[in-house]
């Protein structure tokens, strides 16, 4: 299967999972921030620097959304990001993470697909925060 088909398959799975996101998932994702970031640190920072920055930006955004400081974002975007994070922490995803490097590749593809689809919303949030978009996009 080529990379484009893998990305489509992963994105479709995330869309399906995001439609089932609930308040408990929201809370679990926020509470798992430290472990998610530790896991993300296993990705090559030279290759995935913007992706890792987008992950941090996404965490800020969902926390600001939860606290109602920032609500100018569709629930669909929040749910997709939460779905991607839940996918990232699930050890039984499409490519098992027990396979070094390759196992995290599908996780990176998942985040890239979600962040690409949510880029407009993330960019607006980035500007709202007063951050330099070049760091994230």
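A short reminder: the numbers here are calculations on the coordinates, not readings from a lab. Keep in mind that what you see is a predicted model, and the values were worked out from it rather than measured. For neighbour counting, all protein chains shown are included, and Cβ atoms are generated from backbone atoms with ideal geometry for every residue, glycine included.
Evaluated at 37 °C with a viscosity of 0.692 mPa s, what Stokes-Einstein diffusion coefficient in µm²/s does region 22-64 have when Rh comes from the Kirkwood expression over alpha-carbon pairs?
Taking Rh from Cα pairs, D becomes 299 µm²/s.
7 Å from Cα along Cα→Cβ at both residue 64 and residue 20: what's the point-to-point distance in nm?
About 3.1 nm, to one decimal.
Which of 128, 75 has the fewest other C-beta atoms within 10 Å, and how do the rest follow up to the most?
Lowest count first: 75, 128.
If neighbour count is taken as other Cβ atoms inside 10 Å, put 77, 71 in order from fewest to most.
So the residues, fewest neighbours to most, are 71, 77.
What length, rounded to one decimal in nm, is gained on full extension from residue 27 through to residue 72, with 0.36 nm per residue of separation minus their alpha-carbon distance?
14.2 nm
Going by how many other beta carbons lie within 10 Å of each one, how would you line up 18, 32, fewest first?
The fewest-first ordering by Cβ neighbours comes to 32, 18.
How much length, in nm to one decimal, is gained on full extension between residue 129 and residue 42, taken as 0.36 nm per residue of separation minus their Cα-Cα distance?
28.6 nm
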